[in-house]
Amino acid sequence: MNTPYTSAEARRAVELLASRSLIRLVTEIDDNGAIPPRRLAGTLPDLSTHQLRSASDTARALGLVRLAPGAGLELTHAGTELADLYDAIARWARRHAVPAPVCEFSSRIQHGLDLLAPSLTTERSDGHSPLASARLTCAGAEADLSRPRTLLIHWLAGNPQAATVIKPEPAA
């Protein structure tokens, strides 16, 4: 299955999904359940108010979260699938020590998404492996990346709005 994205749309979708604050929000809810009303800042204290608002707005625009009465901010089906994608990429990156043997969970996801981005467009005809430029020496690294790539393609196919939502500007 190929995504119908141009290079620019694929890059925009990947940049949006690679937002550290969005990764933190989605994985926090996936790991620990709904975030009660007015507890977002206390739940993710490492993110600024601007980052929290940006992540929350982006997650709502992408249909990843909803406000459940009495429970708070919870993941939708699309949000749960994105959390599964994040986990698959992080497992691949940890197994292959990418981008480093020890690094943040969100850094692993960001790096994995960067490696996958060029393979998402139908315009890509150079036959160039997304991992060749990463200089990975493990023979199975690219083969292992096929599952996260498939999950990403399926997620993007089911959530085409990811290529059109404008990523909020980062705080200065």
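Here are the numbers for the structure shown:
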quantity	calculated
Per-residue Cβ neighbour rank within 10 angstrom, fewest leading, E104, E81	E104, E81
Anisotropy class of the stretch 58-111 from Cα gyration tensor, a/c 1.5 cut	prolate
Magnitude of the charge dipole, the stretch 41-124, Cβ model with Lys/Arg +1 and Asp/Glu -1, debye to 20	100 debye
Cα gyration tensor shape for the stretch 1-43, rounded if a/c is under 1.5, else prolate or oblate	prolate
Dimensionless Rg/Rh of the stretch 7-160 - Kirkwood Rh, Rg from C-alpha atoms	0.99
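FYI, it's all coordinate maths here, none of it is from the lab. Remember, it's a predicted structure, so these values are computed and weren't measured experimentally. As a convention, Cβ positions derive from the backbone with ideal geometry for all residues, glycine included, and neighbour counts pool all protein chains shown.
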